[in-house]
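Q: Can you keep this structure in mind? I'll have questions shortly.
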Amino acid sequence: MLQKTGTIAGPRVLEHMVDTVLYLEGERYFSYRILRGVKNRFGSTNEIGMFEMKGEGLVEITNPSEILISEREDNPSGSCIVASMEGTRPMLIELQALTTLSVFGIPKRTANGLDYNRLAVLIAVLEKRANMNIGGQDIYVNVVSGIKLNEPSIDLGVICACASSFKNKPIPKDTVIMGEVRLNSEKLEE
C-alpha cells in the first residue's frame, strides 16, 4: 500500500525493504523452535528449520519426525500420524483428538496447531458424509509438540483421529494418514 507521497505504508514496511524475512516460532512451554522463511527474494519461502533450546543455545534437530511423534507403549484412540510438507521438508507428526459428550448444550471445539475454521468444516463433513452423530460432542484436536500445520493433506488425519476417539477404536500405530477432504467428497467408510 502506498501513501499519497509515494512512500510505503503499513506495519510491514520493513519487510518490503529487506531480502529475507525469518520468523522464529514456538510455544511458550516447549523447548522446540521453528525458524520459518516467509520471504526470500533469492530463493524459496516457507522453508523451515527445527531447533531445540539447550544449554549451549539453539541446536538443530536433523530429524523432526522423531520429535513430533511421541513415544508411547499403548495405542490410545484418537491418535494418528499424519504426513505434512513444510516447504520442501516432509514430516511425520502426531495428531490427537478427544471427543466427549457436551454437558452444556453448545458443543465446544478447540484446535491447537491447526485452523479452527478448518476443524469446524472437517467435523461437518464427518457428520454429513460418514453419518456420525458428533454434533453434540465437545471436540478437542491437538498437534503434538506445538507446531502449526496449514497443509490440506492433514484433513483426513483430523477426521480419522476424531472418528477414532468417538468410536473408541485406536488407529494402528504403524499407519500414516494423509489426504485432503473436500465438502463434496464421496461418503467415507466408518
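The values are calculated or read from the model by the stated rules, or taken from the named source; none is laboratory data. Because the structure is predicted, anything quoted here is derived from the model rather than measured. For neighbour counting, all protein chains shown are included, and Cβ atoms are generated from backbone atoms with ideal geometry for every residue, glycine included.
Q: For region 121-133, which positions are over 11 Å from LEU183 (Cα atoms) and surrounded by fewer than 19 Cβ atoms within 10 Å (Cβ to Cβ)?
A: Listed by number, the residues that qualify are GLU127, ALA130, ASN131, ASN133.
Q: Within the bounds of region 92-100, is there any residue that is touching a strand residue (DSSP E or B) at 6+ places or on another chain (Cβ under 6 Å), modelled with pLDDT of 90 or more and surrounded by fewer than 16 Cβ atoms within 10 Å (Cβ to Cβ)?
A: So far as region 92-100 goes, yes, one or more of its residues are touching a strand residue (DSSP E or B) at 6+ places or on another chain (Cβ under 6 Å), modelled with pLDDT of 90 or more and surrounded by fewer than 16 Cβ atoms within 10 Å (Cβ to Cβ).
Q: For a quick check of your reading: which strands (runs of 3 or more DSSP E) sit entirely within region 48-113 and have at least 2 residues that are in the same structural domain as LEU24 (by TED's automatic domain parsing)?
A: Counting at least 2 such residues, we get 48-54, 57-60.
Q: Here's a check for you: in region 62-90, which residue that is buried (at least 16 other Cβ atoms within 10 Å of the Cβ) and modelled with pLDDT of 85 or more is farthest from VAL144 (Cα to Cα)?
A: Only one residue tops the list, namely SER77.
Q: Continuing with the same structure: If you take the residues of region 139-176 that are at pLDDT 95 or above and in a strand (DSSP E or B), which of them is nearest to ARG36 (Cα to Cα)?
A: Step by step, filter region 139-176, then rank; the result is VAL141.
Q: Kindly check whether there is at least one residue in region 125-138 that is part of a helix (DSSP H, G or I), closer than 25 Å to ARG36 by Cβ and touching a residue at least 40 places away in the same chain (Cβ under 8 Å).
A: No: zero hits.
Q: Among the hydrophobic types (A, V, I, L, M, F, W, C) and either in the same structural domain as GLY37 (by TED's automatic domain parsing) or within 28 Å of ARG28 (Cβ to Cβ) (or both): does that describe ILE134?
A: No, not satisfied.
Q: Consider region 27-47. How many of its residues are in a strand (DSSP E or B), in contact with a helix residue (DSSP H, G or I) (Cβ under 7 Å, 6 or more places away or on another chain) and of a type in the set (D, E, K, R)?
A: 1
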